[in-house]
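For reference, the structure discussed in these notes is given below.
The values are calculated or read from the model by the stated rules, or taken from the named source; none is laboratory data. Computed from a predicted model, the values in this text were never measured in an experiment. So basically every Cβ, Gly included, is an ideal-geometry build from the backbone, and we count neighbours across all protein chains shown. For the accessible areas, the whole protein counts, side chains as well, though only heavy atoms, and no ligand, DNA or RNA atoms are used. Shrake-Rupley method; radii C 1.70, N 1.55, O 1.52, S 1.80 Å.
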Amino acid sequence: MANRRTLLKTIGATTALGAGGFTGNVIATSSKKVDMIRKEMKESGKIRMEEGAEAQKKYLANHGYNAVSSSTTINRKLGQESDEKGKEGENNTNSIEDPSTGGIVFSITGIEEPDEHIYTVEFHITYNFEFTMHPSTDYSQCGPDHHSYGTSPKDGAGLFYKAENPHWSLATGNVNDDILTGGEVAFTESESSDAEGAMAFRFNDEQAYDDWSQPKIDSYDCQERNLSETFSGPKVGGYAGLMLEPSGDYNEEDREVFARYAHAYNSYAVNESVSVGVPPSVSITGTGTIEQDEIFTDSEGDVIKVAQSEMEEECTGTWCPEEI
């Protein structure tokens, strides 16, 4: 499949989106067909989290959907600090690090329902976590040495569907019906705006780490082990999705949805929250200091996005039905 992604041209200064961004939004009545699509999209997201991308694509193809996905692993250190000697530590205990010892995998998927022309765009975040357990006959000395893990404050994310033009509208006109989330993810309506085409989400990477690590820590026998043991592996933090309809007279290649993610750590702030802006930007704000890294490009420097034209391409994978 051809890679249609190009760099996003951001023009003008970033404008923060205030609360109450849904004024003037027309509430539409959902048809039974749209209700069915929503149900199948929720099931699709659940399958992706539990069984992986291939299983999701097979499910979608068997239910008559076109789908395209792209992934990128962030190949730079996130939230790296200096140690007491002023040297950059390879294992910063307050960060999710480089993929060689941890990292974040960002996946975006565009899905088309051909009959109703409903498009769903969702992105998944997978964390690669790591910690080491050290044996000891003294239980007070036995515990995890964290290397790559989630920490407060919660990360932020945004889906942008009207940058730079009003390419899309909500599928039903009711944001609560058109938003899809799963895992440790919450939609933040107060910081979102349909008028600006920007939806805000919070990803709880700290809780995702606890869910992944605690069963391993609990089952570790400190007195029976002779050597330290390192545990590492991926954990799907969750996904955020949005159901849309095409709007305006635009080329299918130009009608795009963008995604950005802000990994936050080392918070010295109170009342922290996510802020999304146009042109697309995501940040964690609060009274005080929050250190963070914004992720908006893949490993080749391309903006993370998906276009309508990509979602309409025929299924070509091994998961496709024999007849499309």
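Being surrounded by 19 or more Cβ atoms within 10 Å (Cβ to Cβ) and in contact with a helix residue (DSSP H, G or I) (Cβ under 8 Å, 6 or more places away or on another chain): is that true of Gly237 here?
Against the criterion (surrounded by 19 or more Cβ atoms within 10 Å (Cβ to Cβ) and in contact with a helix residue (DSSP H, G or I) (Cβ under 8 Å, 6 or more places away or on another chain)), Gly237 qualifies.
Does any residue in the stretch 164-180 that is in contact (Cβ under 8 Å) with a residue 24 or more places away in the chain and on the phi > 0 side of the Ramachandran plot come within less than 9 Å, Cβ to Cβ, of a residue that is open to solvent by 40 Å² or more (accessible area, probe 1.4 Å) and hydroxyl-bearing (Ser, Thr, Tyr) six or more places away or on a different chain, and which pairs are these?
Once the first residue is in contact (Cβ under 8 Å) with a residue 24 or more places away in the chain and on the phi > 0 side of the Ramachandran plot and sits in the stretch 164-180, its partners that are open to solvent by 40 Å² or more (accessible area, probe 1.4 Å) and hydroxyl-bearing (Ser, Thr, Tyr) give Gly173/Thr29.
Do we have any residue at all in the stretch 236-243 that's over 17 Å from the mean Cα position of the chain (by Cα) and either free of Cβ contacts under 8 Å to residues at least 60 places away in the same chain or in a strand (DSSP E or B) (or both)? Show your work before the answer.
Applying the first criterion (over 17 Å from the mean Cα position of the chain (by Cα)) to the stretch 236-243 yields none.
No, that holds for no residue.
Is it true that some residue in the stretch 183-206 is more than 22 Å from Ser107 (Cα to Cα), among the polar types (S, T, N, Q) and not in a strand (DSSP E or B)?
Checked against the condition, which is being more than 22 Å from Ser107 (Cα to Cα), among the polar types (S, T, N, Q) and not in a strand (DSSP E or B), the stretch 183-206 yields no hits at all.
Checking Thr230 against (1) loosely packed, with under 14 Cβ neighbours inside 10 Å; (2) assigned to a loop (DSSP other than H, G, I, E, B); (3) over 24 Å from the mean Cα position of the chain (by Cα): exactly one of these is not met. Which one?
Only one criterion in (1) loosely packed, with under 14 Cβ neighbours inside 10 Å; (2) assigned to a loop (DSSP other than H, G, I, E, B); (3) over 24 Å from the mean Cα position of the chain (by Cα) is unmet by Thr230, namely (2).
Take the residues in the stretch 207-223 that are free of Cβ contacts under 8 Å to residues at least 60 places away in the same chain and assigned to a loop (DSSP other than H, G, I, E, B), then tell me which one is farthest from Ser283 (Cα to Cα).
Asp221
Provide a single number: the residues in the stretch 261-306 that are farther than 19 Å from Pro166 by Cβ and either part of a strand (DSSP E or B) or open to solvent by less than 20 Å² (accessible area, probe 1.4 Å) (or both).
Qualifying residue count, the stretch 261-306: 32.
Could you please find all residues in the stretch 42-74 being crowded, with 17+ Cβ neighbours inside 10 Å and not aliphatic (A, V, I, L, M)?
If the condition is that a residue be crowded, with 17+ Cβ neighbours inside 10 Å and not aliphatic (A, V, I, L, M), then Ser44, Gly45, Arg48, Gln56, Lys57, Lys58, Tyr59, Tyr65, Asn66, Ser69, Ser70, Thr72 are the ones that fit.
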